[in-house]
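The values are calculated or read from the model by the stated rules, or taken from the named source; none is laboratory data. Being a predicted model, the structure only gives us computed values, none of them experimental. Heads up, the Cβs are rebuilt from the backbone with ideal geometry, glycines too, and the neighbour counts pull from every protein chain shown. These accessible areas exclude ligands, DNA and RNA; they are computed on the full protein's heavy atoms, side chains included. Shrake-Rupley method; radii C 1.70, N 1.55, O 1.52, S 1.80 Å.
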Amino acid sequence: CSRREGQFPYEGDERRTSGVMEKGSVAPKDSPENRNLGPHIRVGKKGIILNLWGLWIMTFSVFIALFGYAYLEIRFLLGMLTFGLLKPRAEHCCWIMHAWCRLILWMACSNPKVLGLQNLPPKDETILVAANHLSWFDVPVLSGYLGGRSIWSFAKAELVKVPILGTYMRAAEHIMVSRDSRKSQMESLKAAIATIKQKRSVFIFPEGTRSMDGDLRPFKGGAFTIARKTGARIVPVTLIGNDEVFPADALMPIRPGRGLMQMVIHPPIDPTGRTDEELLELTRAAIASALPRAQGPAAAAAP
């Protein structure tokens, strides 16, 4: 039978009943005291964790990024010498970032299990992907495993100052936003609308920031204003287990993620004729439907 638009149950994938994961899905989240970190140090005043696994990932990810950085710098130089003829296009830079993300996750043994790929619209349709935010690994997962689709993201403006990463972000024309500036937030919304009108798909975290405990936080309305004004369909995505692999108190991933990380792609939601509030509720319900009960809205609302 046909699936109605905006519904989140889907056939052919592993299901959850009342938010509880059934057999075959990812393992439950560990409590911090039960984690086997192995040899590790704590960095800075906050005691951020760095263990041997994280040190390995940091080493090879920076090493690989240096090659891409050198390539981009050479292309920028050639672009200047040829009056822009050989300057790398934003789409090309975005593809390089996606390839880097997939390679990092593969080398880190953290390929996520992806469910619901059949729910993605055709690649030539511009979409707005909305996902819950658990970990720094969320961005590589969304960049590398959405069916080979090029997708642009919101990013903190401070990341532009980070060596190598800042070059990638500027070259790919990702959307910069400062959470402390209302003006910057409004400008980022306009930039996102302009990006979608350029036929570039965008992903956003409606929570606005990472959840420190894994619970689904309240959603902000900006994503749904973007969808309503551009007509882009919203594709809700549930991320599970990324915070077990790369938790908020770690500088780098603390363990391999294969078998722990999962991404569930829900059917798209058409913004036509719907208010921002209706879009928010539909998107939140879809994302929450695939979360373990302990991480759903009820858990976030509990005292």
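Things worth noting here:
- Chain lengthening between S181 and T209 when straightened (0.36 nm per residue, less Cα-Cα): 8.6 nm
- Dimensions of the stretch 34-98 from C-alpha coordinates, computed as largest minus smallest value along each principal axis and given longest first, are 56, 22, 17 Å.
- Accessible area per residue in Å² at 1.4 Å probe, computed on the stretch 144-303: 42 Å²
- Per-selection Kirkwood Rh - the stretch 128-215 (Cα, Å, 1 d.p.): 13.6 Å
- Relative to the Cα centre, the charge distribution of the chain, modelled as +1 at Lys and Arg Cβ and -1 at Asp and Glu Cβ, gives a dipole magnitude of about 560 debye.
- Among A290, A155, A131, the largest mean-square fluctuation in a Gaussian network model of the chain, built with springs joining Cα atoms closer than 10 Å, belongs to A155.
- The packing ranking of peptides 100-111, 77-88, 263-274, highest mean first, is 263-274, 100-111, 77-88, where packing means the average number of other beta carbon atoms within 10 angstrom of each residue.
- Taking all Cα pairs closer than 8 Å and separated by 6 or more residues, the relative contact order of the chain comes to 28 percent.
- Scaled to the globular estimate 2.2 N^0.38 Å, the Cα spread of the stretch 187-303, given as radius of gyration, is 1.14.
- Of the solvent-accessible surface of the chain, computed with a 1.4 Å probe over protein heavy atoms with every protein chain present, carbon and sulfur atoms account for 61 percent.
- In this entry, the stretch 221-260 is assigned a mean projected area of 4.4 nm², taken as a quarter of its C-alpha convex hull surface.
- Neighbourhood net charge (15 Å Cβ-Cβ; Lys/Arg +1, Asp/Glu -1) for V141: +2
- Estimated at 0.36 nm per residue, the fully extended path between Y71 and E277 surpasses their Cα-Cα distance by 69.7 nm.
- Taking every Cα-Cα distance in the stretch 83-168 and sorting them into 10 Å bins from zero, the calculated P(r) comes out as 14, 45, 33, 8, 1 percent.
- Computed over the stretch 134-271: relative contact order in percent, which uses C-alpha pairs under 8 Å that are six or more apart: 24 percent
- Percent of Cα pairs exceeding the 15 Å cut-off, where the set is the stretch 193-258: 62 percent
- Convex hull volume per residue in cubic angstrom - Cα atoms of the chain: 147 Å³
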